[in-house]
1. Identify the single condition in (1) surrounded by 12 or more Cβ atoms within 10 Å (Cβ to Cβ); (2) modelled with pLDDT of 80 or more that ALA254 does not satisfy, given that it satisfies every other one.
2. Condition first: aromatic (Phe, Trp, Tyr) and open to solvent by less than 20 Å² (accessible area, probe 1.4 Å). Now tell me which residues in the range 134-188 satisfy that.
3. Looking at the range 270-288, I want the residues that are open to solvent by 60 Å² or more (accessible area, probe 1.4 Å) and have a partner that is outside any strand (DSSP E or B) and of a type outside the set (Ser, Thr, Tyr) with Cβ atoms under 7 Å, at least 6 apart or on another chain. Which pairs are those?
4. Inside the range 287-308, can you point out the residues that are assigned to a loop (DSSP other than H, G, I, E, B) and aliphatic (A, V, I, L, M)?
5. If a residue has to be within 20 Å of LEU24 (Cα to Cα) and touching a residue at least 24 places away in the same chain (Cβ under 8 Å) to count, how many in the range 151-190 make the cut?
6. What pairs can you find where one residue is in the range 207-224 and within 16 Å of VAL244 (Cβ to Cβ) and in the same structural domain as GLY267 (by the TED database), the other is open to solvent by 80 Å² or more (accessible area, probe 1.4 Å) and among the aromatic types (Phe, Trp, Tyr), and their Cβ atoms are less than 9 Å apart, with a gap of 6+ or different chains?
7. Name the residue that is modelled with the highest pLDDT, counting only residues in the range 128-147 that are in contact with a Pro (Cβ under 9 Å, 6 or more places away or on another chain) and in a strand (DSSP E or B).
8. Just the residues that are under 27 Å from MET228 (Cα atoms) and acidic (Asp, Glu), please, taken from the range 134-159.
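The values are calculated or read from the model by the stated rules, or taken from the named source; none is laboratory data. Keep in mind the model is a prediction, meaning the values are calculated, not measured. All Cβ positions, glycine included, derive from the backbone under ideal geometry; neighbour counts span all protein chains shown. Accessible surface areas use protein heavy atoms only, side chains included; no ligands, DNA or RNA. Shrake-Rupley method; radii C 1.70, N 1.55, O 1.52, S 1.80 Å.
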Amino acid sequence: QESFFQDIDLLQKHGINMADIKKLKLVGICTVKGIQMTTRKALCNIKGLSEAKVEKIKEAAGKVLNVGFQTAFEYSSKRKQVFHVTTGSQEFKLLGGGIESMAITEAFGFRTGKTQLSHTLCTAQLPGEEGYSGGKVIFIDTENTRPDRLRDIADRFNVDHNAVLDNVLYARAYTEHQMELLDFVAAKFHEEGGVFKLLIIDSIMALFRVDFSGRGELAERQQKLAQMLSRLQKISEYNVAVFVTNQMTADPGAGMFQADPKKPIGGHILAHASTTRISLRKGRGEMRIAKIFDPVMPENEATFAISAGGVTDAKE
């Protein structure tokens, strides 16, 4: 775990003063690896850091971290820390046991239970299979979903209502301020390393659709989205599962005979940043079908149901 969580304070031993380290922490860079993941240009934009200081910081980070190559076996042994958060449905075992840590999982669909899945993930933060010890959740809400829904799902898992609600840090985002929230998230994950296990954003694109309108602002929107996703990838390095939901839009390029002429928004930038993508569509009644796109598994489908207790197994 040491290689993932080397504190930025270690740079003091290599001649970086505490004032500069505090400036880095204020923008959510709390680990040495965080410096390696940030460009020189972005570091120079931090108030009070000159080009000379940035070069010195980069040099110090290079001394602390082994930035060269390592064998696949060494990297594989580090990946043993990865855990999976249960989704509430056995069928979702197709995901390899649930939502994976150190990765971004995206779920998209129209009125298919994305928020229900998010709430079930929050409530399922209990000690579980394969040594998963449970943990806290951060929930960033852009669509005004009601966290009270967690009480009903807690009943299904036979868990105390207040314990479940206390376990979730909830924030309502209204504008680009969701980017500032991610700085807080990075700092929180660093301060309480290993305590938080799941970050949920429901939904990731809602505010971008409001803040940037029309084709004229599309390039700027996609650039801001790319920066946010880059930040989420860095946050996932704290061995945290990142789960984001996404909205749909009409696809004007869809063929006449296409059954569902809708596609997820965010374009290729969001598609490539997500490690695993889950396409949700409606079945009969409360049934939902999830098609899973994962880089290490064949495309597969899982069937689940939406109930008063959240996401559960589908009854034939």
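1. The one condition ALA254 does not meet is (2).
2. Of the range 134-188, the ones aromatic (Phe, Trp, Tyr) are 139, 157, 170, 174, 184.
Within the range 134-188, just PHE139 meets the criteria.
3. From the range 270-288, the pairs are ARG281/GLY109; ARG281/ASP260.
4. Our first condition is that a residue be assigned to a loop (DSSP other than H, G, I, E, B); within the range 287-308, this holds for 295-296, 308.
Hits for the range 287-308 are VAL296, ALA308.
5. Of the residues in the range 151-190, 12 are within 20 Å of LEU24 (Cα to Cα) and touching a residue at least 24 places away in the same chain (Cβ under 8 Å).
6. Close Cβ pairs satisfying both conditions: LEU207/TYR174.
7. Applying the filter and picking the extreme gives PHE139.
8. ASP141, GLU143
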